[in-house]
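One structure is given here, and the rest of the page talks about it.
The values are calculated or read from the model by the stated rules, or taken from the named source; none is laboratory data. Quantities reported herein were computed from a predicted structural model and do not represent experimental measurements. All Cβ positions, even for glycine, are placed from backbone atoms using ideal geometry, and neighbour counts span all protein chains on display. Note: accessible area is taken over every heavy atom of the protein model, side chains too, but ligands, DNA and RNA are not part of it. Shrake-Rupley method; radii C 1.70, N 1.55, O 1.52, S 1.80 Å.
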Amino acid sequence: MKTLSKALIGTLMLATTLPVATAPAFAQSRGEVVRSERELRQEQRELQRDRRDVQDARRYGDRRDVREEQRDLRDQRRDVRDARREYREDLRDYRDYRAGNRQAFRGPAFRANFRYQQFRPGVRIAPNFYGQRYVVNNYRNYRLPNPGVRQVWVRHYNDMLLVNARTGTVIRVIPNFYW
């Protein structure tokens, strides 16, 4: 009985001192999705490079060179497959976050003195489209990446635009950002 109570007390003391592992309370940010996408493109470029190396080895090398380049190509294909999987997981996490927190992406009633027009990156827009009234200052709440120097996030109806405030050039468009 005495050993049982000592063991129970020891277990309770140990349980109170050990940190509890919890699941993270945050979802993937939009920036993490963009980074995964960038890594995927880099892996695909390396895959193209390895394919060219295999072709060159077949033309100019011997069997050993060809086998080595084919092995590198297989490894690179595996890396691209893993990068795609990671990108899809990050995108799924971000979409799940958006779907689960619809209230966070619900914008106030949007009244503008102009008609809706869909913009594309590279287009120059008039200053009344990215005036102070439409600038989104709390972009971190929406998990958007930080705008660069002289760049602002602007709401245009349900779309989110990243605009160069100096020239009026649209840098990035996220359509249907708000619900």
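Mind ordering 49-61, 158-170 by average Cβ neighbours within 10 Å, highest first?
Descending mean neighbour count gives 158-170, 49-61.
Using the Karplus equation 6.51 cos²θ - 1.76 cosθ + 1.60 (θ = phi - 60°), what ³J(HN,Hα) coupling, rounded to whole Hz, does each residue of segment 146-162 give in order, writing x for Gly and Pro?
4, x, x, 5, 6, 10, 9, 8, 10, 8, 10, 6, 9, 9, 10, 10, 9
Run the accessible area of segment 136-175 with a 1.4 Å probe and give the carbon-and-sulfur part as a rounded percent.
45
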